[in-house]
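The values are calculated or read from the model by the stated rules, or taken from the named source; none is laboratory data. Predicted model only: the values in this text are computed from it and were never measured. All Cβ positions, even for glycine, are placed from backbone atoms using ideal geometry, and neighbour counts span all protein chains on display.
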Amino acid sequence: MAKPEIPANAYTYAPKQHPNLIIGSLQLLFWLVFRPRAWENHLRRINSSFDKNVYLLQLFRNQRWQQSEVQRFLIQGFILLPILFSLFTGLVSWGLGTPLNEAIYGVALGVVFGVAFGVAGGIAFGIAIGIVVGVAFGVAFGMAFGVIVGGGLWVNLWRPIILPVILTPWHWLLYRFDKSRHEQLSSLLHKHLAFWDEWQYLPIPGLDKHLLLTLEKRPAEGQAALNFLSTGPQRWAAQAAQIELDARQLERYEDAATIGQTHQSLTIGKLQGPADTLLRSFARISNHVSAALSQESTYNQRLSLTSIADRLDRLVRELTRSSDKYAARFRPIAQRWGNIIELTIEDLAKESELRQEIDSPYIIGVPLNQQQAVFVGRTDISARIEQLLLDRRRPPLLLYGQRRTGKTSLLNNLGRLLPPRIAKSHTSCCNSPSPGR
């Protein structure tokens, strides 16, 4: 099945400009108002020394104006942009009741002042001055002037409050269409407000739900959307979707073997969030399950898994008492894991009984292997062993000590403590279970 392609210029802060001069100018205007980071990245793509409010003199330094990209930007930024913005302002002014001749006069003045101040002070500054002057003269300081200038000055404050409310039906339709949309087609998520208005600093309801749907149906596109949101003001949605995705992954496992592989795929630390502590707990448990199943004897496996079952039982009790908002979501998962581990212990006990395996009375603890990161230190002993192994006299070595001091754990981990020039081979006399006769 062919994977859906990620839509062009979607989920990026550095979209490419349209080749058409007029459409490209409208695109620049849109970036200037709604996507300031796209505007800045476009300027840096033209020349790395340009800042977000580039002015005309910068274009003529070191004969930069001779470059075709700079010439195109010169026409779009200092001529077409003031004209387009003034026309838009004039239409709004006329729609609010300003006489047509006054609106046209205001547009003309706006273009003149916009170009003039854009040359001296930068494109964004020039457009702002053009709007104020054009509207002021065209409306003669009437009600429309107050509405336009007042609304314009506070646009970045009221827009995050008003637009999400107005576009709620639109977002609902996008989600419903995406839910029934064929998986081979790209998602409609990129048409959501969060992806074309960077000034939305307030949480937009339902964004995390739509992102999660995209991650499940179209993983590549969903990951691109998650990466985009994780560096912006809607980062909360990326966190919520990733946490729910991890939770669904954790509750999907059916046996101890797959639980032991979980720690390799959990996305801990990539998006710091409120559920990080819980996810780290599950990752550690998964790591311990993996180490337990790699033990050489059935007895050691049961001993390790029993300790893990006790730990999961404690985690369930802690989540029951916790008031954390994610406790209710992860408590059934911990309970399910505990049941799986208990069943695995029972199966291992039945297997030992069928094989008539006798538990060794000399084993009172499970040694640590190389898969368990909890093994640390012992560098002084390993250094001494290395010194003796490299000795020309080749003395025989005997590691001795009291019980539970870590002798077997040290031998299990010598492979990563000794240098590569020393070949390691581990042989155990306790590998084979002793049949009871």
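Among the numbered conditions (1) buried (at least 16 other Cβ atoms within 10 Å of the Cβ); (2) touching a Lys or Arg at 6+ places or on another chain (Cβ under 7 Å); (3) closer than 26 Å to residue 412 by Cβ, tell me where residue 349 comes up short.
So residue 349 meets the others, but not (1).
Residues are listed down the side, and each one gets a yes or a no for (1) hydroxyl-bearing (Ser, Thr, Tyr); (2) farther than 22 Å from residue 169 by Cα; (3) modelled with pLDDT under 90:
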{"site": "199", "(1), (2), (3)": "no, no, yes"}
{"site": "208", "(1), (2), (3)": "no, no, no"}
{"site": "214", "(1), (2), (3)": "yes, no, no"}
{"site": "246", "(1), (2), (3)": "no, yes, yes"}
{"site": "268", "(1), (2), (3)": "no, yes, yes"}
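Return a yes/no flag: does the range 43-64 have any residue that is at pLDDT below 65, crowded, with 16+ Cβ neighbours inside 10 Å, among the basic types (Lys, Arg) and assigned to a helix (DSSP H, G or I).
yes
Any residue in the range 158-174 that is closer than 14 Å to residue 202 by Cα sitting within a Cβ distance under 8 Å of a residue that is of a type in the set (Val, Ile, Thr)? List the pairs, counting only those 6 or more apart or interchain.
The qualifying pairs are 164/204.
Exactly one condition in (1) surrounded by fewer than 21 Cβ atoms within 10 Å (Cβ to Cβ); (2) modelled with pLDDT under 90; (3) part of a helix (DSSP H, G or I) is not met by residue 311; state its number.
Of (1) surrounded by fewer than 21 Cβ atoms within 10 Å (Cβ to Cβ); (2) modelled with pLDDT under 90; (3) part of a helix (DSSP H, G or I), only one is false for residue 311: (2).
Only residues that are of a type in the set (A, V, I, L, M, F, W, C) and either farther than 25 Å from residue 36 by Cα or modelled with pLDDT of 95 or more (or both): list them for the range 175-188, please.
Going through the range 175-188, the residues of a type in the set (A, V, I, L, M, F, W, C) turn out to be 177, 185, 188.
Of everything in the range 175-188, those that are of a type in the set (A, V, I, L, M, F, W, C) and either farther than 25 Å from residue 36 by Cα or modelled with pLDDT of 95 or more (or both) turn out to be 177, 185.
So in the range 183-214, with the set limited to residues that are touching a Gly at 6+ places or on another chain (Cβ under 7 Å) and buried (at least 22 other Cβ atoms within 10 Å of the Cβ), which one is nearest to residue 162 (Cα to Cα)?
We begin by selecting, within the range 183-214, every residue touching a Gly at 6+ places or on another chain (Cβ under 7 Å); these are 198, 211, 214.
Checking the rest, the ones that are also buried (at least 22 other Cβ atoms within 10 Å of the Cβ) come to 211, 214.
Details: 211: 22, 214: 26 Å.
Out of the qualifying residues, it is 211.
What number of residues in the range 279-305 are under 15 Å from residue 336 (Cα atoms) and not small (Gly, Ala, Ser)?
Total satisfying the criteria: 4.
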